[in-house]
1. Would you pick out the residues in the range 202-229 that are small (Gly, Ala, Ser) and either in contact with an Asp or Glu (Cβ under 7 Å, 6 or more places away or on another chain) or under 23 Å from Ile126 (Cα atoms) (or both)?
2. Which residue pairs have Cβ atoms closer than 9 Å, lie 6 or more positions apart in sequence or on different chains, and pair a first residue in the range 238-256 that is closer than 19 Å to Asn201 by Cβ with a second residue that is among the basic types (Lys, Arg) and in a loop (DSSP other than H, G, I, E, B)?
3. Looking at the range 90-143, which of its residues are of a type in the set (S, T, N, Q) and under 21 Å from Gly333 (Cα atoms)?
4. I'd like to verify a number: residues in the range 272-300 that are assigned to a loop (DSSP other than H, G, I, E, B), in contact (Cβ under 8 Å) with a residue 24 or more places away in the chain and out of contact with any His (no Cβ under 8 Å at 6 or more places or on another chain), how many?
5. Hey, Gly338 hits all of (1) closer than 20 Å to Tyr114 by Cα; (2) touching a residue at least 12 places away in the same chain (Cβ under 8 Å); (3) small (Gly, Ala, Ser) but one; which does it fall short on?
6. So Lys339 ticks every box in (1) surrounded by fewer than 17 Cβ atoms within 10 Å (Cβ to Cβ); (2) closer than 28 Å to Asn205 by Cα; (3) touching a Lys or Arg at 6+ places or on another chain (Cβ under 7 Å); (4) not aliphatic (A, V, I, L, M) but one. Which box is left unticked?
7. So which residues in the range 369-390 are more than 22 Å from the chain's Cα centre (by Cα) and either modelled with pLDDT under 95 or crowded, with 17+ Cβ neighbours inside 10 Å (or both)?
Amino acid sequence: MKKKILRYLKHLTLTILFLLIVGLGVILMLNGSVNYGDRPAKKNWVKEGPYVFYKNDSLLETFYITGNKESGFTYSKEIHTIQDTIRLSSHFNLDSTSFDFPLDTRVEIPASTYNDGENILAVSDIESGYKTFRDFLISSAVINDKLEWTFGKGHLVLVGDFVDRGNSAMQVLWLIYMLEQAAKKHGGKVHFILGNHEIKNLQGNFMKASMKYFYAAAILGKQQVELYDSLSLIGRWMESKNTIELINGHLFVHGGIHPDVMKYDTNIDAINKIVRHRYRQAYFPTSEKGLEDLLLSTITGPSWYRGYFKDDLTQEELEKSLAFLGAHTVVVGHTIQGKVKKKYKGKVYAIDVPHPKDYRKSWPFRTSEGLLIEEGNYYRVLSNGKKVAL
């Protein structure tokens, strides 16, 4: 009897070990990771925010939240006129740092096409990782350790999904907001191209958002959807952004461009206009299949499409769809890769990599990467700033 029990336990242990090895192998194969060990600073909020809302056409309300579950939460509130010179700050709790920035209430729709021959650094899918984002920009010489712009007239292209799945969405968004203004003063440009998760938040879909923001809204006496609605300054700013841009012949889009777009008389400006018009309304199929349905679909739309990573798209189809929009390459995020890589004979550059999380440890250890386009050459940019030719 004793031998039977020992044999059973041995087989059980081997089975569990086998399943564990297979599971870890699958995780690695899919470029996934195991998260563990939330850092204590996650639970303590210090000047969380700012949350900025239009009270009416001439007044703004700004809020900061401080506290934790044990001692409770409080918020501070100030009212400003939109003519005031307003400087706000965003605090990052993990390393007790903060940055200041001027508030500019002017929101303009950016251009869709740029052609100036300047260098481009692209990164995507930061997913609310402020420290990761900040540190990568510093190591890549886009900003210095004081968060001042050092990229000259270059283009910093953010290829979507900078929110959700993390606890630093507000810090990430305000850093982008600040850098937009800083880059402009030096002749540079920050391009914030919306991914499917930014669009989800604008539409009130928070299934992948941290619960932190559900409670932050409640503390302020609001619903979570109000954090991004048209009375929110950050929401109004986000809804002005494009989902596709052409920069020096390179197409930047979070998901990709479905080849069926060539069936229609359209262009990049028209695509942005159609998709922007529905930023606030969730997609649903209609009986009228046409360009709008193609672009708004959560399968074929530019912020959702994954066709570059399947086997049913030919080189010819890809190249024709790029030429149709005046591009010779396309840079995308959305579909995770182990590293920045090129596909389709260098016509597609995939830059979604598993970035580190701010408040959570992961196995295997994650490191960031981006894509640098410099004088016609393409490089993987590693988290230490090193360049690797592609």
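The values are calculated or read from the model by the stated rules, or taken from the named source; none is laboratory data. All values reported here derive from a predicted model rather than from experimental measurement. Neighbour counts run over all protein chains shown; Cβ positions are idealised from the backbone, glycine included.
1. From the range 202-229, those small (Gly, Ala, Ser) are 204, 209-210, 216-218, 221; that's our starting set.
Within the range 202-229, Gly204, Ala209, Ser210, Ala216, Ala217 qualify.
2. Pairs found: Glu239/Arg280; Gly255/Arg306.
3. Keep residues of the range 90-143 that are of a type in the set (S, T, N, Q), which gives 90, 93, 96-98, 105, 112-113, 115, 119, 124, 128, 132, 139-140.
Hits for the range 90-143 are Ser112, Thr113, Asn119, Ser124, Ser128, Thr132, Ser139, Ser140.
4. Step one: filter the range 272-300 for residues assigned to a loop (DSSP other than H, G, I, E, B), giving 278-290, 297-300.
So of that shortlist, the ones also in contact (Cβ under 8 Å) with a residue 24 or more places away in the chain come out as 279-282, 290, 298, 300.
Next cut, out of contact with any His (no Cβ under 8 Å at 6 or more places or on another chain) only: 279-282, 290, 298.
Residues in the range 272-300 being assigned to a loop (DSSP other than H, G, I, E, B), in contact (Cβ under 8 Å) with a residue 24 or more places away in the chain and out of contact with any His (no Cβ under 8 Å at 6 or more places or on another chain): 6 in total.
5. Going through (1) closer than 20 Å to Tyr114 by Cα; (2) touching a residue at least 12 places away in the same chain (Cβ under 8 Å); (3) small (Gly, Ala, Ser) one by one, Gly338 breaks only (1).
6. (2)
7. Once the filter is applied, which keeps residues that are more than 22 Å from the chain's Cα centre (by Cα) and either modelled with pLDDT under 95 or crowded, with 17+ Cβ neighbours inside 10 Å (or both), the range 369-390 yields Glu375, Gly376.
Conditions (1) assigned to a strand (DSSP E or B); (2) out of contact with any Ser or Thr (no Cβ under 6 Å at 6 or more places or on another chain); (3) among the basic types (Lys, Arg), marked per residue:
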| site | (1), (2), (3) |
| --- | --- |
| Leu313 | no, yes, no |
| Lys320 | no, yes, yes |
| Gln337 | no, yes, no |
| Lys361 | yes, yes, yes |
| Thr367 | no, no, no |
| Arg380 | yes, yes, yes |
